[in-house]
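The next block holds one structure in the form of structure tokens; read it before the comments.
The values are calculated or read from the model by the stated rules, or taken from the named source; none is laboratory data. Computed from a predicted model, the values in this text were never measured in an experiment. Glycine gets a Cβ as well: all are built from the backbone with ideal geometry, and neighbour counts include every protein chain shown.
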Amino acid sequence: MAYKTSNNTYNSDTTQISDEVRKLRRRRNLKKELVAYSFIAPNFIGFAVFTLVPIVFAFFLAFMKWDGNNPVEFVGLSNFKDLISDKFFIASLKNTIIYSIGTVPLTLATSLGLAILLNKEVKGRAFFRTLGFFPYVASLVAVTAVWTMLFHPSRGPVNSILYYTFNIEKGNLPNWFTGNLIIIMFILFSVWRFMGYYMVIYLAGLQNIPRELYEAGRIDGANRWQQFRYITIPGLQPTTFLVVVMLTINCFKIYDIAIMLAGGSTGTLSTYSMVLVYYIYQNAFVFWKLGYSSAVAIVLFVLVLGVTILQFKWQDKFAND
């Protein structure tokens, strides 16, 4: 009986020590978690206050009529019905889609071409990489001023070349910043400005393709085009998917380029240059139609979400084929 009593006492002491060890470990883990959350909290609070809450409020406001001063009035789907007959919304939607369709493939092709050229062992490769990336980091105000001077209808060198080289009369020289040509300017400017950024992404993707694959292809008699088609393009598939998604989202968010190139000092756009984000801003902070602008923002959100989902499905299908 004495042995059993001492054994029970020993087991009780062991259990008590184990519980204390567990509590100590819980405290340590809790302390580590609190430290981790303390690092995450500032960013999360900023995201919640300045991004998450406004997005949720915009969804709520899309079904309301509110000017920021008078009481909020529920109007149901009235804001969305008004969009159908709004010529400025139709124009901004059309211009944004045309801009995206023109910008994405051109930027994709130019950035990939630059990356392939600058991935080779050429003299001054670092300098040319920096030169290609420079438009992305340069001041938007400065580069738009340069583009405005280059394509000035009467004093710009581009129209001067058309006049003296191709004998186009001055009255027939294009005005690049009005009419349907302004979308072309948006596309060309965006390709020039952003191709360096995506070139860097493609360079990282090219350097992850094993050199042995190209050596094996050369041994098998593959020429450069065949190496590009059967080695480079499949090897860059994840990179290309990332670039396409990023490019598409950024194209639908075009705002500053449109304002700088077409708005000028007035900050207003015509139906030829109106884009969705600017139309959202104009309705919200010029006309104070906050509910209507939220409806436009929801349409933009659904449009971007739908295109992105289609891209992911296309990626999955392409990867499985």
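For the reader, a short list of remarks on this structure follows.
- Flag for residue 134 being of a type in the set (A, V, I, L, M, F, W, C), surrounded by 10 or more Cβ atoms within 10 Å (Cβ to Cβ) and within 22 Å of the chain's Cα centre (by Cα): yes
- Being surrounded by fewer than 15 Cβ atoms within 10 Å (Cβ to Cβ), modelled with pLDDT of 90 or more and of a type in the set (Gly, Ala, Ser) is a property that holds for residue 113.
- Subset of the range 55-87 that is in contact (Cβ under 8 Å) with a residue 12 or more places away in the chain and of a type in the set (Gly, Ala, Ser) - its residue that is farthest from residue 284 (Cα to Cα): 76
- Scanning the range 92-103 for residues that are farther than 22 Å from residue 295 by Cα, surrounded by fewer than 20 Cβ atoms within 10 Å (Cβ to Cβ) and β-branched (Val, Ile, Thr) gives a single hit, 101.
- Considering the conditions (1) part of a helix (DSSP H, G or I); (2) more than 24 Å from residue 135 (Cα to Cα); (3) not hydroxyl-bearing (Ser, Thr, Tyr), residue 222 is excluded by exactly one of them, (1).
- Lone unmet requirement of (1) β-branched (Val, Ile, Thr); (2) under 25 Å from residue 258 (Cβ atoms); (3) within 22 Å of the chain's Cα centre (by Cα) for residue 90: (3)
- Residue check, residue 190 modelled with pLDDT of 85 or more, assigned to a helix (DSSP H, G or I), surrounded by fewer than 16 Cβ atoms within 10 Å (Cβ to Cβ) and assigned by TED's automatic domain parsing to the domain that holds residue 243: no
- Top-ranked residue in the range 126-172 [being part of a helix (DSSP H, G or I) and of a type in the set (Lys, Arg); ranked as farthest from residue 199 (Cα to Cα)]: 170
- Close contacts from the range 130-151, counting a first residue that is in contact (Cβ under 8 Å) with a residue 24 or more places away in the chain and a second that is among the polar types (S, T, N, Q), with Cβ to Cβ under 8 Å and a gap of 6+ residues or different chains, come to 151/159.
- Checklist (1) without any contact (Cβ under 8 Å) to a residue 60 or more places away in the chain; (2) more than 18 Å from the chain's Cα centre (by Cα); (3) within 17 Å of residue 110 (Cα to Cα) applied to residue 212, failing item: (3)
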